[in-house]
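Some notes on the structure that comes next.
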Amino acid sequence: MKTLISASILSADFACLGDEINKAVSHGCDWIHFDVMDGHFVPNISYGVPVLKSVKKCTDKPFDVHLMISKPFDYIEAFANAGADIITFHVEAECDIAATIQRIKDLGVKAGLTLKPATPAEAVYPYLNDIDMVLVMTVEPGFGGQSFMTDMLEKIQSIRKKADEIGKDLDIEVDGGIDGNTAPLVKSAGANVLVSGSYLFKAKDIDSAIASLLA
Ligand code: DX5
Ligand code: ZN
């Protein structure tokens, strides 16, 4: 599977967000990762629908929306209308998971399910046939710039094995602490979409940062 890079704009300079997105895209990033935090599901607040609507105009690349919010179902339509191409929500959220996946798909958007580090791989198995992507959190959700949790490699392997067993062509995305050292580990465990925030946006040389993720 080809490795894709989803640039997490949480680490971008918001004073010039459009330029930051254009930089990521012009240097070869495949998707834009858009982290939504409600100050309740995670202890931080980021940005939401109006910001997505604006930055959507910057690029034709897919917007990969990661909802770290307690009640995702209630906001699916707003994010779909604002231009989300993939909507990923947490299996730990307060919602009917199957109904939320269906809502995303009914709106013509790809559906992803994600899990916190303490949640076992098995939590997503009942839904694998119905979704396009599993996002394995490799840090506690809420903040950029944290250290990669090596324990999560086994979870990636388990989910890839399960997807292969059921013949599902599943994207497995990883999020948190991805850099030139951790990228080879997650790829060999079975991940094919790498979220990268601080490593890309704080890099002195973005081209070599991207090359190291793809190496
Ligand atoms: C954390 C977010 C991440 C974050 C990753 O809750 O979901 O997308 O931006 O940041 P880095 O790549 O700096 O670990
Ligand atoms: Zn994220």
Residue ID - nearest to ligand 1 (Cβ to nearest atom), chosen from residues in region 28-48 that are surrounded by fewer than 17 Cβ atoms within 10 Å (Cβ to Cβ) and either touching a residue at least 40 places away in the same chain (Cβ under 8 Å) or not in a strand (DSSP E or B) (or both): Asn44
Odd one out for Leu170 among (1) over 24 Å from His40 (Cβ atoms); (2) within 15 Å of the chain's Cα centre (by Cα); (3) within 16 Å of ligand 2 (Cβ to nearest atom); (4) not charged (D, E, K, R): (3)
Go over the candidates Leu135, Leu213, Leu185, Leu153 one by one and state the one that is more than 13 Å from Leu115 (Cβ to Cβ) and either within 16 Å of ligand 2 (Cβ to nearest atom) or of a type in the set (S, T, N, Q) (or both). Leu213
Failed criterion for Leu214 (all others in (1) under 20 Å from Lys110 (Cα atoms); (2) open to solvent by 30 Å² or more (accessible area, probe 1.4 Å) hold): (1)
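Condition first: under 27 Å from Asp19 (Cα atoms) and open to solvent by less than 50 Å² (accessible area, probe 1.4 Å). Now tell me which residues in region 77-98 satisfy that.
Passing the criteria: Ala78, Phe79, Ala80, Ala82, Gly83, Ala84, Ile86, Ile87, Thr88.
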Members of region 155-210 found to be among the aliphatic types (A, V, I, L, M), away from ligand 1 (no atom under 16 Å from the Cβ) and assigned to a loop (DSSP other than H, G, I, E, B), listed by number: Ile166, Leu170
Going by the structure shown, is Leu4 within 12 Å of ligand 1 (Cβ to nearest atom) and at pLDDT 95 or above? no
If only one of Lys56, Lys110, Lys116 is of a type in the set (Lys, Arg), within 15 Å of ligand 1 (Cβ to nearest atom) and surrounded by 16 or more Cβ atoms within 10 Å (Cβ to Cβ), which one is it? Lys116
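Per-residue answers, yes or no, for (1) under 21 Å from Ser188 (Cα atoms); (2) of a type outside the set (D, E, K, R); (3) in contact (Cβ under 8 Å) with a residue 12 or more places away in the chain; (4) within 14 Å of ligand 2 (Cβ to nearest atom):
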{"position": "Lys110", "(1), (2), (3), (4)": "no, no, yes, no"}
{"position": "Leu128", "(1), (2), (3), (4)": "yes, yes, yes, no"}
{"position": "Ile131", "(1), (2), (3), (4)": "no, yes, yes, no"}
{"position": "Gln146", "(1), (2), (3), (4)": "no, yes, yes, yes"}
How many of the residues making up region 188-204 are out of contact with any strand residue (DSSP E or B) (no Cβ under 7 Å at 6 or more places or on another chain), under 22 Å from Asp132 (Cα atoms) and either within 14 Å of ligand 2 (Cβ to nearest atom) or open to solvent by 40 Å² or more (accessible area, probe 1.4 Å) (or both)? 1
For the subset of region 66-93 comprising residues that are in a strand (DSSP E or B) and touching a Gly at 6+ places or on another chain (Cβ under 9 Å), which member is nearest to ligand 2 (Cβ to nearest atom)? His66
From the options Lys56, Lys61, residue that is free of Cβ contacts under 8 Å to residues at least 40 places away in the same chain and touching a Gly at 6+ places or on another chain (Cβ under 6 Å): Lys56
Do we have Asp106 as under 17 Å from the mean Cα position of the chain (by Cα), more than 24 Å from Gly39 (Cα to Cα) and of a type outside the set (A, V, I, L, M, F, W, C) here? no
Selection over region 4-27 where residues are open to solvent by less than 20 Å² (accessible area, probe 1.4 Å), away from ligand 2 (no atom under 14 Å from the Cβ) and polar (S, T, N, Q) yields a count of 0
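The values are calculated or read from the model by the stated rules, or taken from the named source; none is laboratory data. The structure presented is a predicted model; accordingly, all values stated were derived computationally and were not measured. When we count neighbours, we look across all protein chains shown, and the Cβ atoms used for this are built from the backbone with ideal geometry, even at glycine. Quick note on the areas: whole protein, heavy atoms, side chains included, nothing else; ligands and nucleic acids left out. Shrake-Rupley method; radii C 1.70, N 1.55, O 1.52, S 1.80 Å.
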